[in-house]
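Taking it in order: structure first as C-alpha cells, then the write-up.
The values are calculated or read from the model by the stated rules, or taken from the named source; none is laboratory data. Values in this document were obtained by computation on a predicted structure and should not be read as measured data. Every residue, glycine as well, gets a Cβ built from its backbone with ideal geometry; the counts of neighbours run over all protein chains shown. Ligands, DNA and RNA are excluded from the accessible area calculation, which covers all protein heavy atoms including side chains. Shrake-Rupley method; radii C 1.70, N 1.55, O 1.52, S 1.80 Å.
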Amino acid sequence: MKKRLAAGEHHEVKIIAEVVAKYFDLSLKELTMETRKRHIVYPRHIYHYICHKIKGFTTYKSAFMTNKDHATVLNSCKQVENWLSYDKVVRKEIKDIEEIIKKGDVYFEVQKMIDEVPHGWLPRVKKELEKYIIA
C-alpha cells in the first residue's frame, strides 16, 4: 500500500516537479511517466537531487511525485553528483532551477502576508508596495 503525503508536503514536491518540468520543457505527466528515455530521465534525476540533497526531503518524499522508490532517488542523486564533478552545464541548470524555486518561495510568502492584510487596507498596501516593484 502506498503511503500518502500531508497536503503541505504534497504541495512542496509538486511545485519543485512543476518547476523542473517547465525548465526542461516537459509536462508534469511526462516527468513522472514510466520511461527510460534520456530527455525524461535526466530531468527526473535533477528533480530527485534537488528534493533530496538541496531541500533535504526524505527519499520517500522525493520519490512521491515520480512514483519511484527510495533506491531510485539515491541512484539519481549519485548520478547528478557525478555529473556535477565535471559538467558546468549541470551546475548551471541546478543553480537556475534553485533560483526559480526561491523566487516562488518568496512569492508564496508575500501572498500569505497579503492574505493576512485586513480587507479595507489592501488598496493602500498595494499602492505602497508598487513603489518598490521594479518593472
Based on this model, can you work out whether Tyr49 counts as touching a helix residue (DSSP H, G or I) at 6+ places or on another chain (Cβ under 6 Å), of a type outside the set (Gly, Ala, Ser) and modelled with pLDDT of 90 or more? yes
Could you say whether any residue in the range 89-96 is more than 11 Å from the chain's Cα centre (by Cα) and β-branched (Val, Ile, Thr)? yes
Which pairs turn up if I take residues in the range 109-134 that are within 26 Å of Glu12 (Cα to Cα) and look for partners that are β-branched (Val, Ile, Thr) and open to solvent by less than 90 Å² (accessible area, probe 1.4 Å) with beta carbon separation below 8 Å, at least 6 apart in sequence or on another chain? Ile114/Val125; Val117/Val125
Over the range 28-84, the set of residues farther than 22 Å from Lys95 by Cβ and of a type in the set (Lys, Arg) is Lys29, Arg36, Lys37, Lys61, Lys68
